[in-house]
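Colleague: One structure, pasted below without further comment.
The values are calculated or read from the model by the stated rules, or taken from the named source; none is laboratory data. Keep in mind that what you see is a predicted model, and the values were worked out from it rather than measured. All Cβ positions, even for glycine, are placed from backbone atoms using ideal geometry, and neighbour counts span all protein chains on display.
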Amino acid sequence: MKWQAVFSILFIIIAVLLVLSYVEISRKTPIAQTLNNSIFSDDNKALLTHITNGWEKTSGGNIAVNVALYNYGYEEAENVEITCEMYDRDEEGNFESDEPISMATLKFGNIDPTSYEKLQVYVDDNEMIDDYSGSSCFIKRCENCDILDNRLKE
């Protein structure tokens, strides 16, 4: 009976110490902070990504490529540049060439923290662009930012 009481007291002391240790560790390294630092971005940088939403011919003789630009970071991204390329494809959607048939770069400027912008990049039209052509864009450069697409390739 005496040993049972001693083991019960020791068990309670160990359990209390484990709980206190867990609380102390959790207080120093919250899960959200750990994820933000290791996966998403540095606290002092913007985190950019984009979606290319197709293209359309304009009345001015250009091609407008629709792009949504997202900043998931808590800092402003500066001097953002987006490049869009047009590719020749056949009726089944297969690429005819690896080389773009037209391209343009938009010097967008800055994007606020935790925001998005819808924009159009205007590419020169030419005789090779038809209804089957495809568009592809990428964030060429930015300051004070990480580009999510580059992080995913690592």
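Colleague: Looking at region 81-116, which of its residues are surrounded by fewer than 18 Cβ atoms within 10 Å (Cβ to Cβ), in contact with a Leu (Cβ under 8 Å, 6 or more places away or on another chain) and at pLDDT below 95?
Modeller: Hit for region 81-116 is Y116, nothing else.
Colleague: Within region 135-154, which residues are surrounded by fewer than 17 Cβ atoms within 10 Å (Cβ to Cβ) and not hydrophobic (A, V, I, L, M, F, W, C)?
Modeller: S136, K140, R141, E143, N144, D149, N150, R151, K153, E154
Colleague: Read through the list (1) modelled with pLDDT of 80 or more; (2) under 17 Å from the mean Cα position of the chain (by Cα), then give the number of the only condition that A64 fails.
Modeller: The single condition A64 does not satisfy is (2).
Colleague: Oh, and also: In region 43-68, what residues are over 18 Å from V123 (Cα atoms) and surrounded by 13 or more Cβ atoms within 10 Å (Cβ to Cβ)? Spell out the reasoning first.
Modeller: Taking region 43-68 and keeping what is over 18 Å from V123 (Cα atoms), we get 43-49.
Once the filter is applied, which keeps residues that are over 18 Å from V123 (Cα atoms) and surrounded by 13 or more Cβ atoms within 10 Å (Cβ to Cβ), region 43-68 yields K45, A46, L47, L48, T49.
Colleague: Could you list all residues from region 60-115 that are closer than 13 Å to F138 by Cα, among the small types (G, A, S) and without any contact (Cβ under 8 Å) to a residue 40 or more places away in the chain?
Modeller: From region 60-115, those closer than 13 Å to F138 by Cα are 65-70, 80-86, 103-108; that's our starting set.
Adding the requirement that they be among the small types (G, A, S) leaves 68, 104.
A104 - this is the single residue of region 60-115 that is closer than 13 Å to F138 by Cα, among the small types (G, A, S) and without any contact (Cβ under 8 Å) to a residue 40 or more places away in the chain.
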